[in-house]
1. If you go through segment 14-29, how many residues are assigned to a helix (DSSP H, G or I) and in contact with a helix residue (DSSP H, G or I) (Cβ under 7 Å, 6 or more places away or on another chain)?
2. Would you call I41 in contact with a helix residue (DSSP H, G or I) (Cβ under 7 Å, 6 or more places away or on another chain), of a type in the set (A, V, I, L, M) and either open to solvent by 40 Å² or more (accessible area, probe 1.4 Å) or free of Cβ contacts under 8 Å to residues at least 40 places away in the same chain (or both)?
3. Of everything in segment 44-57, what is open to solvent by 50 Å² or more (accessible area, probe 1.4 Å) and part of a helix (DSSP H, G or I)? Give them in sequence order.
Amino acid sequence: MKPEQIKSERSRLGLTINQMADLIGVSPRAYSYYEAGQRKIPATVEKLLAVLARLDDKNGLGKSD
């Protein structure tokens, strides 16, 4: 995933950087580096992000209206 994709998905899910970092098991600082493209995303983290990207409102992680 590209940095802009993970930021977009986090926004789509309605999560803060701290919430997303906690959800995938990394520090908020590391996650912010991933979003900024300042650090390579580890393969395991990238897989978790890909799974989250497939989730939608029906799965409980999307924004609720």
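The values are calculated or read from the model by the stated rules, or taken from the named source; none is laboratory data. Since the structure is predicted, the reported quantities are computational estimates derived from the model, not experimental observations. For neighbour counting, all protein chains shown are included, and Cβ atoms are generated from backbone atoms with ideal geometry for every residue, glycine included. Heavy atoms of the whole protein, side chains included, go into the accessibility calculation; ligands, DNA and RNA do not. Shrake-Rupley method; radii C 1.70, N 1.55, O 1.52, S 1.80 Å.
1. Result for segment 14-29: 6.
2. Considered against the rule, which asks whether it is in contact with a helix residue (DSSP H, G or I) (Cβ under 7 Å, 6 or more places away or on another chain), of a type in the set (A, V, I, L, M) and either open to solvent by 40 Å² or more (accessible area, probe 1.4 Å) or free of Cβ contacts under 8 Å to residues at least 40 places away in the same chain (or both), I41 comes out as no.
3. Answer for segment 44-57, where residues must be open to solvent by 50 Å² or more (accessible area, probe 1.4 Å) and part of a helix (DSSP H, G or I): T44, E46, K47, L48, V51, R54, D57.
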